[in-house]
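The numbers here are math on the coordinates, done by the rules we state, and not lab data. Quantities reported herein were computed from a predicted structural model and do not represent experimental measurements. All Cβ positions, even for glycine, are placed from backbone atoms using ideal geometry, and neighbour counts span all protein chains on display.
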Amino acid sequence: MEILNEKHIDLTGKVDAFFRWYYDTKYAYSTIEVYEREIECLSIFVESFAEWFEKTIEETDEKEKVIELFAEYVANLDSKAKHFVTPPNNLTGGEYEKEENLYIELLNAVMYRVIERGGAKNGPRRGLAFAQNFSLDAKIPMMYAPDRDNTDLLSMYNSYQKLNSDEDFTCYINYFQTDYKEECREVPFSQVSEIVNSIDVITAESEDERIFLIREGIAELEKQTTRK
C-alpha cells in the first residue's frame, strides 16, 4: 500500500509522515503526551531496526537466513518494542487489516531509514535487499539508485531486472548530492535503463570500466535534466 509515497521525495519527510500516520491510525483520540511518548518509542525502534538490518545484510544475503535472524531479533526485543512488529492475537476483519497495514508501513519506514543512513554508496543497495527480504516494493530503493557515487547501480539494476517488472517510474538523479531534496532532478527509470543497457560488455574491458561508464552516463543525464 505504501502510505504517502507520492507526497515526499525526501526520505526524512517520508519517515516523519509515517510517524504522523501511524499515530493518527492507532491513537487518534489520545492526548499529546501519548503522541509524544509513542512517537519517540517508534522512532527509536525504527532506528534500531535499520541498524540491525545494516549489520545483518553485510554478514549474509540469504533470505532464509535473514528471516531466521529477524525472528531472533524480534524475540529479544523488550515488550514495548515488540508490540510494533507483533500484532495482537485473535484479530479479525477490519482490525486485522489495520494492524497488517501498520506493519507494512512500519517496514517501509525502516526501509527509508536504511536507504538514507547508507548514503549513495550503501543506501540504495541495502534498501533493495530490505525490499527483497521483506517483500516490499523494490521500485522504492531503485528510485534513489541513480547517483554518481553509487558503484552498485549495475548490480542493483541486474537484480531488479530479475523481478521481471516492466513498469516505468520516476527516479531521482544524484539524490544524495542535493541539499534541498524536493528539488532533486527527476527522470523516468526507462532512461536509466537505456544508459545501463547502452554500455556494451564487449566494448567495456572490465566490469569496473562498465560501472565507470554508467556513472559517467548518470552525470550526463543530470546535466540534460531540468530541476523540478
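Brief remarks follow.
- Taking amide H atoms as placed 1.01 Å from N in the peptide plane, the amide H of residue 225 has no partner under 5 Å among residues 5 or more positions away or on other chains.
- If the segment from residue 25 to residue 165 were pulled out straight at 0.36 nm per residue, it would be longer than the present Cα-Cα gap by 47.2 nm.
- Over 31 Å (Cα to Cα) - which of 65/98; 121/223; 65/223; 98/121; 14/121 fall in this group: 65/223; 98/121
- Axis of helix 63-75 versus longest Cα principal axis of the chain: the two differ by about 30°, to the nearest ten degrees.
- Degrees, to the nearest 10: 11-26 long Cα axis against longest axis of the chain: 20
- Under 5 Å, built H, 5+ apart or other chain: amide partners of residue 152: none
- Rounded FRET efficiency, nearest 0.05, which uses the C-beta distance separating residue 135 from residue 72 and R0 of 25 Å: 0.85
- Net length gained if the chain between residue 155 and residue 101 were fully extended (0.36 nm per residue, minus Cα distance): 16.3 nm
- Rounded tilt (10° steps) of 207-224 against the dominant C-alpha axis of the chain: 80
- Pair-distance profile P(r), taking every C-alpha pair of the chain, with 5 angstrom steps and integer %: 1, 6, 13, 17, 18, 15, 11, 8, 5, 3, 1, 0, 0
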